[in-house]
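Enquirer: Could you have a look at this structure, given as structure tokens, before my questions?
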Amino acid sequence: MPNRIPRDAAPHASDITRIHISEATRAFIDAHAGEDPRDVALHAKRGEPGLDLPFALDQIAGRRIARTKLPAWAACDDVIYPAHVPMEQCSSQFTAHTKARLACELIADLSHPTRLVDLTGGLGVDFWALAQRFDEAVYVERQPQLCALAAHNLHALGVRNVRVECTDGVEFLRTMPPASMIYVDPARRDAHGSRTYAIEDCTPDVLALRDELLAKAPVVMIKLSPMLDWRKTVEDFGGAVQRVAVVSTGNECKELLLMLTRAPHGDVRVDCINDGDTVTFTTAEDQRPSIAPAGSIERMRYLVEPNASIMKAGAFAALQRQCPGLAQIGPNSHLFVGEQPVGAVPGRAFEIARTGGMGKRELKALLEGVTHANIAVRNFPLTAPQLRRKLKLKDGGNDYLFATTDAGGRHVLILAHKAPPATT
């Protein structure tokens, strides 16, 4: 039996749960686990009986990515991985479990049995995490190869309360029975295959489907591009959004999640999630942060750079409520300073060593003894590379140099070092 995922496989319910791998192919994968697939391809012997080399290379590459991105999948030898590109694009274990946790909160008051429908199944990472929080779960995907892959992997991972439907998600929506929650991850490609971020250009168009989605489920979770402005996106859905989550991992913003319910909402909850840190606020609390008075930076001892989710959400007032005593350096600096130790913060904390302006004397005093620095600019006329060249500094080291503009319009430089970890 071939190792290839069958192109014409159209699994319905549990028709396909296993994909056969030849002994020669499995032995080759195990023998080269952890190696660079490019090196393996370069030195592999072609024509070995029973060996499907392209398939094996996909598995070696997939396992390598999964070790950091999907450790639970990597720990299961029976999981089969697709080609490299889908693995790079799929959700991580952290973001998938974040959705599952949010879903659990959203359906807490719903009657059992609870039922999930994922209309855009894809590789099935999000579905795998979500399905474990529901009594029943339906995976919907129109590509037969992905359906076969998902059915196999869900079985391998021990998820049994699922059904796989190989059909178009929108068509399934219009004929499906009611569900507790619908999950949708629209494809961010337009009709010509070009990358897109506008909701109406994604497939399916969840804006156009809003009423149909909510007619079939009291809770709808939608994954969107983190490039979108969450405030405008909430407005676009016309009061249907109950909750927003801006999700980051490794301080890189990965996803914008919208959670819709049937009741109209005026005050929306926003969760800024960055690995283990969460800052929450509501749109009623979405205010401008307080600004440090011009000329006050010289007496400040600590600096905070908010994490990626706070930066993306613009949750600066929420940060100040969580960390009293911090003030933003300038209206668009997105850097915060304080006179007292800041403790644990949702971001990076620094101890300020020296501050100064761009004048020659100030620069000489500020940079005395400094040859290397990690440079960051916020609302400053020069880019980081331009400033590095101007100051003749090498990259790296333990010094951090922040360049920004204060409330009085003065360009300021702040030399700082990472603050020691906060103790509890």
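Enquirer: With only alpha-carbon atoms counted, please give the Rg and Dmax of region 152-258, in Å.
Expert: 15.1, 42
Enquirer: Expressed as a rounded percentage, what relative contact order does region 93-285 have, with Cα pairs under 8 Å and six or more residues apart? All intermediate terms of the calculation are to be shown ahead of the outcome.
Expert: Working: 372 pairs, mean separation 29.7, N = 193.
Over region 93-285, the number comes to 15 percent.
Enquirer: Which whole-number percent gives the relative contact order of region 297-418, counting Cα pairs below 8 Å spaced six or more residues apart? Write down the numbers at each step before the final one.
Expert: Working: 233 pairs, mean separation 34.2, N = 122.
Reported as a whole number, the value is 28 percent.
Enquirer: For the chain, what is the charge dipole size about the Cα centre, in debye to the nearest 20, if Lys and Arg each add +1 at the Cβ and Asp and Glu each add -1 at the Cβ? Please list the in-between numbers first.
Expert: Values: 49 positive and 50 negative charges, 312 e Å.
The dipole of the chain has a size of about 1500 debye.
Enquirer: Based on alpha-carbon centroids, what's the gap between region 338-378 and region 83-121 in Å, whole number please?
Expert: Cα centroid of region 338-378 versus Cα centroid of region 83-121: 42 Å apart.
Enquirer: May I ask for the distance between the Cα centers of region 268-298 and region 160-177, given as a whole number of Å?
Expert: 40 Å
Enquirer: Turning to a different aspect of this structure: Relative contact order for the chain: what percent, with Cα pairs under 8 Å and sequence separation of 6 or more? Please report the intermediate quantities before stating the final value.
Expert: Numbers: 836 pairs, mean separation 40.4, N = 424.
10 percent.
Enquirer: Order 142-153, 358-369, 20-31 from most to least packed using the mean count of other Cβ atoms within 10 Å.
Expert: On the way: 142-153: 22.2, 358-369: 12.5, 20-31: 16.1.
Final packing ranking: 142-153, 20-31, 358-369.
Enquirer: A follow-up question, please. Shape of the chain from its Cα gyration tensor (a ≥ b ≥ c, root eigenvalues): rounded if a/c is under 1.5, otherwise prolate when a/b > b/c, or oblate? Write down the numbers at each step before the final one.
Expert: Working: a/c = 2.63, a/b = 1.52, b/c = 1.73.
Here the chain falls in the oblate category.
Enquirer: Another question, if that's okay. Could you tell me whether region 377-422 comes out rounded, prolate or oblate from its Cα gyration tensor? Rule is a ≥ b ≥ c as square roots of the eigenvalues, rounded for a/c under 1.5, then prolate if a/b exceeds b/c, otherwise oblate. Walk me through the intermediate numbers first.
Expert: Details: a/c = 2.73, a/b = 1.19, b/c = 2.29.
It is oblate, given that a/c is not under 1.5 and a/b is not larger than b/c.
Enquirer: Where a ≥ b ≥ c are the square roots of the eigenvalues of the C-alpha gyration tensor, would you call region 12-88 rounded, which needs a/c under 1.5, or, failing that, prolate if a/b is larger than b/c, or oblate? The partial results should precede the final answer.
Expert: Values: a/c = 1.92, a/b = 1.20, b/c = 1.60.
It comes out oblate by the Cα gyration axes.
Enquirer: Could I ask something else about it? Go through the chain and flag any cysteine with no other cysteine's C-beta closer than 4.7 Å, please.
Expert: Cys with no partner Cβ under 4.7 Å: 76, 90, 104, 202, 253, 272, 323.
Enquirer: Over the Cα atoms of region 93-285, how large are the radius of gyration and the largest Cα-Cα distance (Dmax), in Å?
Expert: Radius of gyration, then largest Cα-Cα span, for region 93-285: 15.8, 47 Å.
Enquirer: Still on this structure, I have one more. Which number gives the lysine pairs in the chain that have C-alpha atoms under 13 Å apart and are eight or more places apart or on different chains?
Expert: Details: 69/254; 99/223; 99/254; 223/254; 254/312; 360/390; 364/390; 364/392.
Lysine pairs satisfying the spacing and distance rule in the chain number 8.
Enquirer: I've got another one for you. Between beta-carbons, use under 9 Å as the cut-off and find the net charge around residue 302, counting Lys and Arg +1, Asp and Glu -1.
Expert: Values: positive: 301; negative: 339, 351.
Neighbourhood net charge equals -1.
Enquirer: While we're on this one: Using the number of other C-beta atoms within 10 angstrom as an exposure proxy, rank 249, 383 with the fewest first. Can you show the working numbers first?
Expert: Values: 249 19, 383 12.
Lowest count first: 383, 249.
Taken together, the values in this text are just the output of simple stated rules run on the coordinates, not laboratory data. Worth saying up front: this structure is predicted, and the values here are computed from it rather than measured. Methodologically, a virtual Cβ is constructed for each residue, glycine included, from the backbone with ideal geometry; neighbour enumeration extends over all protein chains shown.
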